[in-house]
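Accompanying notes for the structure given below.
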Amino acid sequence: MNPDDGLKNFNDIVNKYGQQMVLFNEAETRAKIIDYILRESLGWDEGDIKREDHVASGFTDYQLVIDGICRLVIEAKKAGTYFDIPRTKTSRTLRIGGALSTVPNLMNALNQVRKYCDDIGCKYAAVFNGYQMIIFSAITIGKPWKDGYCTIFYSLDDIKDNFSLFWNLLSREQVKGGSLVKYVDIGKSTLTFEKPIDSIHNADSLWTRNALYTYIQPISDLIFSELLDEQRTQIMKECYVFDRSNKQLGTELESYFVDTMPHFAEQYRVKEFTEREKKAGAFEKDYLSKTQNKAKGSIIVLLGGIGSGKSTFVHRFFKVVLADRANLLWFYIDFRKVSNNEQEIENFITKQMFEQWKEKYKQKLDPELEKNGFLVPSDNLKDFFSKLFGLLRTMSFSITLIIDNVDQHETSFQENLFIISSHLSNVFKTVTIIALREETFLSSTRTGVFDAYYIPKFHIASPDFVSMVLRRVRFTIKMLRSEYLQYSPSDKDNLMKYFSIIESSLTKKNQEARKLVNFIDSISVGNMRDALRMFNYFIVSGNTNIDEIFATYARAGSYQIAYHQFLKSIILGEHKYYSQEKSHLMNLFDLDTSLTDSHYHCLRILKYLFDRQNKKSDIGRGYVNIDDLISTADIVSIRKEVIRDSLLRLSHFNLVEFDNQSRTNLTFASYVKITHAGRYYLANLIYEFVYLDSVLIDTPIWDSFLRTKLQKLSIDPDLAKRLERTEIFVNYLKQAELLELKEHPEYASSDFTNYRFGESIADRFPALKKKVQFKASII
């Protein structure tokens with residue numbers, strides 16, 4: 001039904017009965033007026049309406065039910081029962097415990113229907129006498145129900161004059177979409193939330209760097225970072241990992257993350273390839289075949305996730321794998337170094353090519369060019385390279401152009417760049433390699449920027465994290481033993497001891513080592529740039545207690561870096577207090593208080609996706625239709641704005657992924673699935689003492705007494721105080737969950753909302769507390 005038909009039918013019933021209505025008894029009011037308005041004006045099906053249903057405190061007149069859940073209980077009164085409601089010109093919203101409390105017959109009716117709602121677990125109620133209608137929230141959280149507000153339609157004329165609002169609030173279609181939440185509760189919490197950290201004056205305080213920071217930082221900058229420049233070619237040769245996380249590893253190392261091919265791989269004929277010490281498998285074979293065709297340009301697409309090592313692969317491919325090929329020229333164009341000005345793309349590419357020509361090739365090739373009479377001026381670079389490359393091809397040279405880091409620009413910029421790259425490839429007759437994230441490839445293919453079916457596409461999986469870090473740690477120890485790093489003997493000894501401890505901590509077959517590897521593998525989700533950044537945080541962080549590590553090592557002859565030590569360093573970095581804006585890790589209990597008062601919607605989405613991770617969809621296993629997720633939430637009156645906000649929060653920290661492969665663009669996404677990181681948070685991280693102890697200070701809390709207590713305890717680093725504040729926090733989470741479930745009894749009937757996260761966390765905490773205390777006692 002549409003609202004135009006609804007208004008017409010409403011006018012028909014008013015015109016039909018007119019002044020007779022005042023004489024109707026309750027049965028006539030219900031049969032002739034209320035039933036008709038519900039069905040013919042508001043679109044409720046007969047099957048949605050339950051009448052005279054027995055509950056503990058009596059019989060409900062009407063229950064309006066959608067998907068098996070009661071959305072609204074209506075108490076009917078005869079048309080002759082008039083409510084003397086105080087009327088204002090500016091608002092139809094009044095506080096129940098205010099002036100309305102002086103209208104006895106209305107208050108009796110409100111109280112009666114409120115009891116019915118309590119009995120059956122329905123949040124919203126209405127009283128309707130055929131003329132006047134009052135809609136209110138019968139179950140509230142954190143305050144008495146009379147402190148709540150109600151929405152009033154004062155008369156049939158008022159309904160007629162404001163039928164759009166009447167429809168938007170009470171029609172079946174709108175109620176299913178969450179209109180009662182929006183109009184009655186105004187979609188906003190009545191609780192006052194604040195974060196404990198807001199009351200700490202030095203919330204941005206930093207830890208002093210650890211004792212070895214001065215010596216480690218240069219090593220970190222040199223070895224534990226990108227290895228693309230010429231000065232690090234030897235490091236890249238020794239530290240490059242061709243063990244990819246999509247391959248089975250040997251018994252020495254255990255990888256938890258598996259970087260699978262993208263879901264569109266089969267559709268667009270994306271190939272995987274295997275690397276060896278001086279080989280690049282199918283990629284190398286395809287590339288070399290294209291260099292043989294000197295008559296025209298060609299494009300190869302290299303796909304990989306964020307931080308999967310596309311740039312490193314390309315540099316190694318030319319510097320190591322193809323290092324012996326003297327007549328190969330390659331130009332690497334890094335688009336991190338250019339503005340978003342689309343007009344400058346071609347100039348930027350040719351200028352970068354010219355700088356690299358002068359730096360790498362000009363001096364060596366100038367004699368041969370002079371012999372062949374090459375005198376083309378460089379004032380027009382496009383013409384210069386077109387003629388230069390034409391001559392070089394006759395001399396059996398092949399030329400390659402690499403376009404990298406395109407993804408960091410706006411979509412229109414990327415699309416323009418692809419068009420220009422294709423044009424230059426044809427003009428210069430080069431093999432052009434374009435390195436892309438999967439999301440960029442997919443969106444560009446769908447917009448038709450290039451025909452993805454006829455361009456060779458290769459997917460590079462992320463390196464195995466442990467292999468990557470261990471190679472760099474071992475290379476660091478090798479460098480410390482040499483004369484290359486100019487440190488004093490004692491400093492070298494300390495650094496070698498420290499990195500040896502790290503190496504053994506990663507390779508030992510014990511629980512702490514497995515947990516440590518599992519954590520980084522899971523949280524980085526194949527982003528090796530992030531994984532290295534997290535590792536760097538640990539090795540230089542003031543939260544890493546070098547003195548304690550060395551003291552234990554001296555006493556016991558060995559040391560195992562504990563999972564909780566690593567976790568704390570990654571969560572806090574150089575900061576004393578956790579802040580989600582500055583951390584690699586998400587606070588799953590955070591919320592936007594303008595949209596919701598629940599700490600659990602992000603966790604509910606993760607659990608919902610986790611339960612469906614093996615279910616097949618149109619695009620692959622584990623992908624859930626976002627519209628289905630929103631509809632599931634709608635059934636229990638969780639608005640789509642809340643779900644969208646939660647999905648974007650989760651995506652930002654890579655706990656979920658969308659089918660368009662974007663972290664920020666939900667508009668063009670149709671499906672979502674849980675990532676390895678999301679599973680790790682759900683199964684492990686939310687139960688960890690260090691995680692709970694860290695994020696509590698940056699969590700919005702409505703209990704002002706507990707919030708003040710947490711703030712005071714958060715200043716003290718003593719373990720006993722940390723355990724005390726964490727226990728307070730987990731009990732608050734459980735209390736908040738119980739109150740939420742009381743306010744929303746419909747949550748119990750949905751598998752989206754019926755899992756009790758707060759209760760589970762709080763119930764596990766006593767055992768966790770004993771474990772933490774025991775470990776502290778034996779150090």
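Where a number appears in this text, it was derived from the coordinates with a stated rule and is not lab data. It should be emphasised that the depicted structure is a prediction, and the values quoted were computed from it without experimental measurement. When we count neighbours, we look across all protein chains shown, and the Cβ atoms used for this are built from the backbone with ideal geometry, even at glycine.
Across the cross-link table entries Lys616/Lys742; Lys310/Lys576; Lys296/Lys371; Lys50/Lys607, which are compared at the Cα atoms, the separations over 29 Å belong to Lys616/Lys742; Lys310/Lys576; Lys50/Lys607. The residue among Ile520, Ser220, Tyr17 whose Cα reaches farthest toward the positive pole of the charge dipole of the chain, with charges on the beta-carbon of Lys, Arg, Asp and Glu, is Ser220. Neighbours of Val376, meaning other residues whose beta-carbon lies under 14 angstrom from its beta-carbon, give a summed charge of -1 when Lys and Arg score +1 and Asp and Glu score -1. Charges were assigned to the Cβ only: +1 to each Lys and Arg, -1 to each Asp and Glu. The resulting dipole of the chain about its Cα centre is roughly 1900 debye.
For Ala720, the shell of other residues with beta-carbons less than 13 Å away shows a net charge of -1, using +1 for Lys and Arg and -1 for Asp and Glu. Compared with the alpha-carbon gap, the fully stretched path from Ala720 to Lys143 is longer by 204.3 nm at 0.36 nm per residue. Only beta bridges with both residues in the chain are counted; by DSSP, about 55 percent of them are antiparallel.
Ellipsoid semi-axes for the chain, based on the Cα gyration tensor and the rule √(5λ), read 61, 37, 20 Å when sorted largest first. Our helix-only sum for the chain, with -39,500 (n - 2.57) per DSSP H run of n ≥ 4 divided by its residues, gives a mean residue ellipticity at 222 nm of -13500 deg cm²/dmol. Straight-distance candidates among the lysines for linking to Lys77, with alpha-carbon spacing under 16 Å and chain neighbours fewer than 8 residues away dropped: Lys32.
Take the alpha carbon atoms of segment 494-516, find their center, do the same for segment 562-633, and report the distance between the two centers in whole angstrom. Their Cα centres are 29 Å away from one another. For segment 260-459, a simple Cβ point-charge model (Lys and Arg +1, Asp and Glu -1, everything else neutral) yields a dipole of about 740 debye relative to the Cα centre. Taken as Cα centroids, segment 266-340 and segment 94-136 sit 70 Å apart, rounded to the nearest whole angstrom. Other residues lying with their Cβ under 15 Å from the Cβ of Ala554 contribute a combined charge of -1, Lys and Arg counting +1, Asp and Glu -1. Placing unit charges on the Cβ atoms of the charged side chains and taking the dipole of the chain about its Cα centre, the candidate lying farthest along the positive direction among Pro104, Asn625, Ile135 is Asn625. Among the trypsin sites (Lys or Arg not before Pro) found in segment 423-530, those both in a DSSP coil and sparsely packed, with 13 or fewer other Cβ atoms within 10 Å of their Cβ, are Lys509. Distance between the C-alpha centres of segment 665-708 and segment 144-163: 39 Å, rounded to the whole angstrom.
By the Kirkwood approach, averaging reciprocal distances over each pair of separate Cα atoms, segment 3-184 gets a hydrodynamic radius of 16.4 Å.
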